[in-house]
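In what follows, a structure is listed as structure tokens, so that the remarks can point back to it.
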Amino acid sequence: LETYTMKPITQSRQHYLRFFWPNLLQDLVEAGIKRDYTLAFPKRSGFLLGTTLPVPAYRADKDKEMPLLLIGPALMDQVFLKRGDEEGLKDEIKRLFRVVKPVGGILHYIWHNSTWDRLPLHLFTEEKA
């Protein structure tokens, strides 16, 4: 990928979620990855890492912090779109904005290219109350 982009690749998200800890962390670090967006709930919204902020990866087996930040997406589009609930998706995006804004958190979403045309972009550009 770096050959085609002529830029270093420093961010990742695992799509095939059959990986092994702590091997994955080590493999990502060795590949030059600095930020990973893998850890999200596959069937609901929420904060799998317990926070909206990046947290350093930690190797418990070595009692060592890794030079890799884990960023947990709060929502994946398919949670709602697979069941045809576009209105529910819009409501959940609004709810997440309301929950995170008062604490200064950061929201990350996973949106698939196959549903890009269904992205309610206006929700991301409207001024939030």
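The values are calculated or read from the model by the stated rules, or taken from the named source; none is laboratory data. As the structure is a computational prediction, the values presented were derived from the model and not from experiment. Don't worry about glycine lacking a Cβ; one is built from the backbone with ideal geometry, like all the others, and counts go over all protein chains shown. Surface accessibility is based on the protein's heavy atoms, side chains included, excluding ligands, DNA and RNA. Shrake-Rupley method; radii C 1.70, N 1.55, O 1.52, S 1.80 Å.
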Problem set entry | Where Cα atoms sit under 18 Å apart: lysine pairs in the stretch 8-129 separated by 8 or more or lying on different chains | 8
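Grab the DSSP H runs of the chain that are 4 residues or longer, score each as -39,500 (n - 2.57), total them, divide by all residues and round the 222 nm result to the nearest 500 deg cm²/dmol.
Details: 5 runs with 35 residues, N = 129.
Helix contribution divided over all residues of the chain: -7000 deg cm²/dmol.
In square angstrom, what is the accessible area per residue of the chain with a 1.4 angstrom probe?
Details: 8670 Å² over 129 residues.
Accessible area per residue, the chain: 67 Å².
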Problem set entry | Separation of the Gln11 and Leu69 label points, Cα + 7 Å toward Cβ, nm | 1.0
Exercise. How large, in percent, is the carbon and sulfur part of the accessible surface of the chain at a probe radius of 1.4 Å?
Worked result: 55
For this session: Search the structure for amide H atoms under 5 Å from the amide H of Leu68, placed 1.01 Å from N in the peptide plane, and list their residues when 5 or more places away or on another chain.
Result: Ala57
Seminar exercise, completed: Share of Cα-Cα pairs in the chain beyond 25 Å, whole percent, is 34
Problem set entry | Within the stretch 13-32, backbone nitrogen closer than 13 Å to the virtual label 7 Å beyond the Cα of Asp61 toward Cβ | 20-27
